[in-house]
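Enquirer: For reference, the structure I am asking about is given below.
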Number of protein chains: 2
Amino acid sequence: MSILVVGSVAFDDVTSPSGTMKNILGGAATYFALAASYFTQVRVVAVVGGDFGAEQENVFRQHGIDIRGIERAKGKTFRWGGTYSDNLNEAKTNFTDLNVFETFQPQIPKEYEDTDYLFLANIQPTLQADVRRHMSAVRLTGCDTMNYWIQRTPKELAQTLRLVDLLLINDTEAKMLAGETNLPRAAHKVLAMGPKALVIKHGEYGATIFFREGAFGIGHHPFRAPALPIEEVKDPTGAGDSFAGGFMGYLASEDEVNREVLKRALFYGGVMGSFAVERFGTERLQSLTREEIEARFQIFRELTHLE
Amino acid sequence: MSILVVGSVAFDDVTSPSGTMKNILGGAATYFALAASYFTQVRVVAVVGGDFGAEQENVFRQHGIDIRGIERAKGKTFRWGGTYSDNLNEAKTNFTDLNVFETFQPQIPKEYEDTDYLFLANIQPTLQADVRRHMSAVRLTGCDTMNYWIQRTPKELAQTLRLVDLLLINDTEAKMLAGETNLPRAAHKVLAMGPKALVIKHGEYGATIFFREGAFGIGHHPFRAPALPIEEVKDPTGAGDSFAGGFMGYLASEDEVNREVLKRALFYGGVMGSFAVERFGTERLQSLTREEIEARFQIFRELTHLE
């Protein structure tokens, strides 16, 4: 089945203990699309400027990603620069030039309207809600957000959360959104806001999926997937979006969304996140094979499973 | 088989968002002994004062724990007071009265010398090393330590680490001990200091065991066990010691220490830690049944295992 991602395409300048890379292709929609492309047909709605050319288009095209929904606007593409220090858990933002992204109004091509799955990457919540309403026939909608929207546009975000099936955020965001420091209690509060399931990403410790009672016709017991202990994280940028791409892409590749499929999706999310951080930007995500993905899935399984 | 724990027995005053409890039985050796008692024969070497009476003795005796090694000294038992705020991850220490524990010199009763397994709870590293040398016939030694010893007595600690098979510490301690912020790299550095295996406890995210290449005749791939998402943590005191008790107690109950046994031990560690925090002090650890432990082991398995 097909999946549509709506979000940012960007150029990043990244510095980490492993070095510095400038003008590398990034953005949530890019990481998501590449990660998901190993599982299913991916479509992208985003906006870029005149600096986005054939080289960047080819990154998507080589993975069979449909980019008819990437709008070309006058001006420059969104640019972000960040520095990761030793612990690699948080970037210091050096600059954020929104450029054409500042006035982004997602336009869904007619050809995209039959898309089965939808992922609303981290953009202004009202835009997310508009896209969700426009794509009224989708089977399942996933959503991301961030501290900025949780703090600045709580009402708009609450509206969006009523329209989505799955929310994927990190510990800090979940606690902030719920106003609650205990993680499972925070999860229940967030689920009461709308989503059927909540994926909380714990960075190097993996992720937990919490279910609303009765959602997907399954019990409410949570499930945890690990992250791989990685000795050399070169660039953590896009790890969360790659996680979301693996998670949603795998879901879209299956006929049914049940507990077992959601559990495996959580593992595939971790797998794609673990690949993303091994090289700068999207380099590793561009060069994978499905065999490598399956091999790492097995490593994740061995990391956590008793005989 | 039998296991000997050497460490503190204490009285604690604990305040958490769930309330305040005073003069409750605590100490690393107490939590460890109770947790391990569900798996194997436990012996304790510790020191207490005149305020330790029949009531406290009975807590141990009711679990078949051998306390002939608990020395009665003139004075008061070690007392600690702490307050946990909302996030429950770290206690603010209100007071530490070492009392008789200040001059603790572990004396091993003759009857204990045939003990098979040894756990050196968090005490001064030179005392740990002395006990380890005295117990020359043990099959396996586990060890704990803390930031205080890592910073103040690094040479003494290094000596101790050469004498132990397993080290159980948390993320912060592992990173501090290794002088390294990346967790798997820190683990390798710590393993190079002596232990065959290193268990790093991640609090609410579970624990990872890292192996030295070839140790226990098994590969070097790490293994991760989860922690249970708990909605009401009443008192986190002793969670790590209860984890160690479940881990080491289960090991001591098995004929052989192999990869599969170590994996299951990591799960039992998490199980006992999860029980400990549900009530104040050792209350929950006092009232368990092996059936409850097995049922929670299954919950841990379902929390992490694909079909």
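The values are calculated or read from the model by the stated rules, or taken from the named source; none is laboratory data. Keep in mind that what you see is a predicted model, and the values were worked out from it rather than measured. Cβ: placed from backbone, ideal geometry, glycine included. Neighbour counts: every protein chain shown. We work out accessible area using only protein heavy atoms, side chains counted, and drop any ligands, DNA or RNA first. Shrake-Rupley method; radii C 1.70, N 1.55, O 1.52, S 1.80 Å.
Enquirer: How much FRET efficiency would the formula 1/(1 + (r/R0)^6) give for A:Gln105 and B:Thr103, where r is the Cβ-Cβ distance and R0 is 45 Å, rounded to 0.05? Display every interim value, and only then the final one.
Expert: Details: r = 74 Å, r/R0 = 1.65.
In this case the efficiency is close to 0.05.
Enquirer: Excluding residues on the same chain fewer than 8 positions from A:Lys196, give the lysines whose Cα lies under 24 Å from its Cα.
Expert: Cα-Cα hits under 24 Å: A:Lys155, A:Lys175, A:Lys263.
Enquirer: In square angstrom, rounded to the nearest 10, how much accessible surface does A:Trp80 have for a 1.4 Å probe?
Expert: For A:Trp80, solvent-accessible area is about 40 Å².
Enquirer: Right, here's the next one. Averaged across A:181-189, how many Cβ atoms of other chains sit within 10 Å of each residue's Cβ atom? Kindly include the intermediate steps, with their values, before the conclusion.
Expert: Values: counts 6, 10, 5, 6, 4, 1, 2, 1, 0.
Counting other chains' Cβ atoms within 10 Å and averaging over A:181-189 gives 4.
Enquirer: Now for a separate question. Using Cα positions and a limit of under 15 Å, work out the aspartates and glutamates in reach of A:Lys92, with same-chain residues fewer than 8 apart set aside.
Expert: Filter leaves A:Asp12, A:Asp13, A:Asp235.
Enquirer: May I pose another question? Just to be sure I understand: with springs between alpha-carbon atoms less than 10 Å apart, which residue in B:Ser253, B:Ser16, B:Ser85 has the highest mean-square fluctuation in the Gaussian network model of chain B?
Expert: Between B:Ser253, B:Ser16, B:Ser85, it is B:Ser85 that shows the largest mean-square fluctuation.
Enquirer: Just the accessible area per residue of segment A:148-226, please: how many Å² with a 1.4 Å probe? Present the calculation step by step, with values, prior to reporting the outcome.
Expert: Numbers: 3090 Å² over 79 residues.
Averaged over the residues of segment A:148-226, the accessible area is 39 Å².
Enquirer: Can you tell me the relative contact order of segment B:84-204? Whole percent, Cα pairs under 8 Å, sequence separation 6 or more. Could you put the intermediate results ahead of the total?
Expert: Numbers: 154 pairs, mean separation 23.9, N = 121.
It comes to 20 percent, rounded to a whole number.
Enquirer: Between rounded, prolate and oblate, where does segment A:50-172 land on the alpha carbon gyration tensor, with a ≥ b ≥ c its root eigenvalues, rounded for a/c under 1.5, else prolate if a/b exceeds b/c? Before the final figure, lay out the partial values.
Expert: Numbers: a/c = 1.63, a/b = 1.05, b/c = 1.55.
In terms of gyration-tensor shape, oblate.
Enquirer: Restrict the search to segment A:210-283; then list the GluC sites (Glu not before Pro) that DSSP places in a loop and that have at most 16 other Cβ atoms within 10 Å of their Cβ. Spell out each step's value before the answer.
Expert: Numbers: sites: A:Glu213, A:Glu231, A:Glu232, A:Glu254, A:Glu256, A:Glu260, A:Glu278, A:Glu283; in loops: A:Glu213, A:Glu231, A:Glu232, A:Glu254, A:Glu256, A:Glu278.
Counting only loop positions with at most 16 other Cβ atoms within 10 Å, the GluC sites (Glu not before Pro) in segment A:210-283 are A:Glu213, A:Glu231, A:Glu232, A:Glu254, A:Glu256, A:Glu278.
Enquirer: Further question on the same structure: Most mobile of B:Ala35, B:Ala137, B:Ala207 per a Gaussian network model of chain B (Cα springs, under 10 Å)?
Expert: B:Ala137
Enquirer: Which ³J(HN,Hα) values, rounded to whole Hz and listed in residue order, are derived for segment B:237-246 from phi using the Karplus coefficients 6.51, -1.76 and 1.60 in 6.51 cos²θ - 1.76 cosθ + 1.60 with θ = phi - 60°, glycine and proline given as x?
Expert: Using θ = phi - 60°, the values come out as 4, x, 4, x, 5, 5, 4, 4, x, x Hz.
Enquirer: Of all the accessible heavy-atom surface of the protein assembly as shown, with the other protein chains kept in place and a 1.4 Å probe, what percent is carbon and sulfur?
Expert: It is 47 percent, rounded to a whole number.
Enquirer: Please check: in the Gaussian network model of chain B (C-alpha springs, under 10 Å), which one of B:Ile293, B:Ile70, B:Ile169 has the largest mean-square fluctuation.
Expert: Of B:Ile293, B:Ile70, B:Ile169, the most mobile in the Gaussian network model is B:Ile293.
Enquirer: Per residue of segment B:185-198, what does 6.51 cos²θ - 1.76 cosθ + 1.60 with θ = phi - 60° give for ³J(HN,Hα)? Whole Hz please, x for Gly and Pro, Karplus curve as stated.
Expert: Along segment B:185-198, the couplings run 5, 4, 4, 5, 5, 5, 4, 5, 7, x, x, 6, 9, 10 Hz.
Enquirer: Also: Under the classification rounded if a/c is under 1.5, otherwise prolate if a/b is larger than b/c and oblate if not, where does chain A fall, given a ≥ b ≥ c as square roots of the Cα gyration tensor eigenvalues?
Expert: Details: a/c = 1.30, a/b = 1.13, b/c = 1.15.
Rounded, because the longest to shortest axis ratio a/c is under 1.5.
Enquirer: I would also like to ask the following. State, in square angstrom and to the nearest 100, the accessible area buried between chains A and B, both chains counted, probe radius 1.4 Å.
Expert: On the way: alone 13520 and 13510 Å², together 23800 Å².
Rounded to the nearest hundred, the buried surface is 3200 Å².
Enquirer: Could you give, in nm with one decimal, how far B:Glu156 is from each other copy of that position, shortest first, with labels 7 Å out from Cα toward Cβ?
Expert: B:Glu156 label point versus its equivalents elsewhere: 6.0 nm.
Enquirer: Continuing with this model, one more query. May I ask you to evaluate 6.51 cos²θ - 1.76 cosθ + 1.60, the Karplus curve with θ = phi - 60°, for each residue of segment A:263-276 and list the ³J(HN,Hα) values in order in whole Hz, giving x for glycine and proline?
Expert: So the Karplus estimates, Gly and Pro as x, are 5, 5, 4, 5, 5, 5, x, x, 4, 5, x, 5, 5, 3 Hz.
Enquirer: Assign unit charges at the C-beta atoms only (+1 for Lys and Arg, -1 for Asp and Glu), then state the dipole size of chain B relative to its Cα centre in Debye, rounded to the nearest 20.
Expert: I would put it at about 780 debye.
Enquirer: Report the relative contact order of segment B:1-109, percent, no decimals, based on alpha-carbon pairs under 8 angstrom and at least 6 residues apart. Please list the in-between numbers first.
Expert: On the way: 239 pairs, mean separation 31.7, N = 109.
Once divided by the residue count of segment B:1-109, the mean separation gives 29 percent.
Enquirer: Enumerate the lysines that B:Lys74 could reach by cross-link, defined here as Cα to Cα under 28 Å, with residues fewer than 8 away along the same chain left out.
Expert: Within the straight-line cut-off, B:Lys74 pairs with B:Lys22, B:Lys110.
Enquirer: Once you have a ≥ b ≥ c as the square roots of the Cα gyration tensor eigenvalues for segment B:12-91, tell me rounded if a/c is under 1.5, and otherwise prolate or oblate according to whether a/b is larger than b/c. Let's see the in-between values first.
Expert: On the way: a/c = 2.40, a/b = 1.47, b/c = 1.63.
Taking the square roots of the gyration eigenvalues as a ≥ b ≥ c, segment B:12-91 is oblate.
Enquirer: Rounded to the nearest angstrom and ordered from largest down, what semi-axes does the equivalent ellipsoid of segment A:160-291 get from its C-alpha gyration tensor (root of 5λ)?
Expert: After scaling each eigenvalue by five and taking roots: 25, 18, 12 Å.
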